[in-house]
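My questions all concern the structure below.
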Amino acid sequence: MGMNVPDLQTVFIDLQDRSYHIAIRGSLFDNPLSYAELPAASSALIVSNTTVAPLYAARLTTALQGKYANIHTVILPDGEVYKTWQTLNLIFDALLTNGCDRKTVLFALGGGVVGDMTGFAAASYMRGVPFVQVPTTLLAQVDSSVGGKTGINHPLGKNMIGAFYQPLKVVCDLDTLKTLPQRELSAGLAEIIKYGPIADLDFLAWIEDNIAALMARDPAALAHAVKRSCEIKAWVVGQDEREAGLRAILNFGHTFGHAIEAGLGYGEWLHGEAVGCGMVMAAHLSQRLGLVDAAFVQRLTTLIQKAGLPVTGPRLSESDNAGRYLELMRVDKKAEGGEIRFVVIDGPASAAMRNAPDALVREVIDACCA
Ligand code: NAD
Ligand code: GLY
């Protein structure tokens, strides 16, 4: 191994009989040892997409060959726009036509879209089969592959159909990030930055100090960012697996962000880009609610900008832009009885759920949009 290769790091997700490990390092996904502790089965199905499969599926197949007699692959179309019922059905088609049984292990090889769909397929095929996350985007490594949220989009709302279903293991191979487009790297940084204001101001300061190294894909910086993000997510999910309360803080920036994604059409802005801009808007809302000062909003905006992310919201309607945002945000899963619930920052490394008067939210949108 080269001098700059970080050691193996593991993060434990403590969920009683659904507990599992996240392994973090380079040279992991194509190493048979990464899968040694998984239960025996006669078959495995690798789920990937048209971009990731040509890069990595053959190496994963080789790594799994000593373990499973039959290894099948299904290759999905690439993109958020395909995170649909129709694409999900391609996974069920592959499982059934290949005679996969209750012990078949699904491997999600790709970003959050592949991971969320594979997890949902695993949750529902024969009422539940095991699955492993092999996340290949920064966003998936620090967020979507961890914690068991799985699902698909509905034309009327993002991630509206799904299940909580935990993987057996998460294998975060940092080497896969070498082929990631820069825009996708920035999208992952949005979810990393998120963990600072909601849970760990030291981590926020560390990201500020290391943002150039992260943008340049320094292996040691990425290793630390992925590990600390997973630790914070593990801490939250371990207390509130099914989002009865606390887990909602992981959605800081997401209420505005989901409106941007849905309003522009899925895939126009990347999820992480929408979350980055959404955090700026949520910070402004926190300020207008008297919870944080202008310096905090500026600090977060500067970091998000340095991460290569948009900080000005897109217009979603020429006639009533704020009204369109509000309409879209009412479809958010956190909304209760049509009341939008926002994640706001209410102190150092502290987030909370709040309602806000429409008039105030309109002010925020008007101030933050082009
Ligand atoms: P993505 O899965 O669309 O991947 C981004 C792009 O990168 C795709 O084109 C993909 O094919 C490509 N790609 C993936 N790995 C690559 C690699 N190593 N090299 C080159 N290209 C690669 O997007 P994402 O940002 O990973 O995930 C976003 C999705 O995750 C959204 O659908 C979002 O709702 C979901 N999400 C879920 C959770 C959760 O808790 N389940 C959390 C956050 C986000
Ligand atoms: N990404 C939000 C959550 O996992 O709860």
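Using the structure shown, decide if Lys233 is more than 14 Å from ligand 2 (Cβ to nearest atom), basic (Lys, Arg), in a helix (DSSP H, G or I) and over 17 Å from Lys333 (Cβ atoms).
Judged against the criteria, Lys233 is not a match.
If you check Ile365 against the conditions, is it under 23 Å from Arg247 (Cβ atoms) and open to solvent by less than 20 Å² (accessible area, probe 1.4 Å)?
no
Of the conditions (1) within 26 Å of Ala359 (Cα to Cα); (2) open to solvent by 40 Å² or more (accessible area, probe 1.4 Å); (3) assigned to a helix (DSSP H, G or I); (4) free of Cβ contacts under 8 Å to residues at least 24 places away in the same chain, His284 satisfies every one except a single condition; which number is it?
Status for His284: all satisfied but (4).
Go through (1) farther than 21 Å from Thr50 by Cβ; (2) within 14 Å of ligand 2 (Cβ to nearest atom); (3) open to solvent by 10 Å² or more (accessible area, probe 1.4 Å) one by one and return the number of the condition Val146 breaks.
The single condition Val146 does not satisfy is (3).
Being farther than 22 Å from Leu185 by Cα, loosely packed, with under 15 Cβ neighbours inside 10 Å and out of contact with any Cys (no Cβ under 6 Å at 6 or more places or on another chain) narrows it down to one of Ala349, Ala295, so name that one.
Testing whether each residue is farther than 22 Å from Leu185 by Cα, loosely packed, with under 15 Cβ neighbours inside 10 Å and out of contact with any Cys (no Cβ under 6 Å at 6 or more places or on another chain) leaves just Ala295.
Is there a residue being modelled with pLDDT under 95, farther than 27 Å from Ser27 by Cβ and within 16 Å of ligand 2 (Cβ to nearest atom) anywhere in the stretch 104-124?
Taking every residue of the stretch 104-124 in turn, none turns out to be modelled with pLDDT under 95, farther than 27 Å from Ser27 by Cβ and within 16 Å of ligand 2 (Cβ to nearest atom).
Another one. Applying the selection to the stretch 194-203, what residues are in a helix (DSSP H, G or I), surrounded by fewer than 21 Cβ atoms within 10 Å (Cβ to Cβ) and in contact (Cβ under 8 Å) with a residue 40 or more places away in the chain?
Leu201
Right, next: Please count how many residues of the stretch 149-187 are open to solvent by less than 40 Å² (accessible area, probe 1.4 Å) and within 16 Å of ligand 2 (Cβ to nearest atom).
Within the stretch 149-187, residues that are open to solvent by less than 40 Å² (accessible area, probe 1.4 Å) and within 16 Å of ligand 2 (Cβ to nearest atom) number 12.
If Gly79 meets every condition in (1) of a type in the set (Gly, Ala, Ser); (2) more than 22 Å from Leu60 (Cα to Cα); (3) open to solvent by 10 Å² or more (accessible area, probe 1.4 Å) apart from one, which number is that one?
In the conditions (1) of a type in the set (Gly, Ala, Ser); (2) more than 22 Å from Leu60 (Cα to Cα); (3) open to solvent by 10 Å² or more (accessible area, probe 1.4 Å), Gly79 misses (2) alone.
Between Val292, Val226, which is within 16 Å of ligand 2 (Cβ to nearest atom) and either at pLDDT 95 or above or within 15 Å of Pro348 (Cα to Cα) (or both)?
When all the criteria are applied, what remains is Val226.
OK, next. Answer yes or no: is there a residue in the stretch 291-308 that is in contact with an Asp or Glu (Cβ under 8 Å, 6 or more places away or on another chain), closer than 16 Å to Pro357 by Cβ and assigned to a loop (DSSP other than H, G, I, E, B).
Looking for residues that are in contact with an Asp or Glu (Cβ under 8 Å, 6 or more places away or on another chain), closer than 16 Å to Pro357 by Cβ and assigned to a loop (DSSP other than H, G, I, E, B), one finds at least one in the stretch 291-308, hence yes.
Pairs please, first residue from the stretch 212-224 and part of a loop (DSSP other than H, G, I, E, B), second anywhere and modelled with pLDDT of 95 or more, Cβ atoms under 8 Å, 6+ apart in sequence or on different chains.
Arg217/Leu177; Arg217/Lys178; Arg217/Leu185; Asp218/Asn210
While we're looking at this one, here's another question. With the requirement that a residue be of a type in the set (Gly, Ala, Ser) and in a loop (DSSP other than H, G, I, E, B), what does the stretch 9-44 give you?
Result: Ser19, Gly26, Ser27, Ala36, Ala40, Ala41, Ser42.
Restrict the check to the stretch 125-140 and report whether at least one residue is farther than 18 Å from His258 by Cβ, open to solvent by 30 Å² or more (accessible area, probe 1.4 Å) and of a type in the set (A, V, I, L, M).
Yes.
Residue check, Tyr20 against (1) closer than 27 Å to His224 by Cβ; (2) surrounded by fewer than 18 Cβ atoms within 10 Å (Cβ to Cβ); (3) hydroxyl-bearing (Ser, Thr, Tyr), all met but one. Which one?
The one condition Tyr20 does not meet is (2).
Select from the stretch 246-276 the residues that are in a loop (DSSP other than H, G, I, E, B) and more than 10 Å from ligand 1 (Cβ to nearest atom) and write down the one among them that is farthest from Leu300 (Cα to Cα).
That would be Gly265.
It is to be established whether one or more residues within the stretch 291-308 are more than 26 Å from Leu204 (Cβ to Cβ) and touching a residue at least 12 places away in the same chain (Cβ under 8 Å).
No, because not a single residue in the stretch 291-308 is more than 26 Å from Leu204 (Cβ to Cβ) and touching a residue at least 12 places away in the same chain (Cβ under 8 Å).
The values are calculated or read from the model by the stated rules, or taken from the named source; none is laboratory data. None of the values given here were measured: they were computed from a predicted structure. When we count neighbours, we look across all protein chains shown, and the Cβ atoms used for this are built from the backbone with ideal geometry, even at glycine. Ligands, DNA and RNA are stripped out before the accessible areas are found, and what is left, the full protein with its side chains, is counted by its heavy atoms. Shrake-Rupley method; radii C 1.70, N 1.55, O 1.52, S 1.80 Å.
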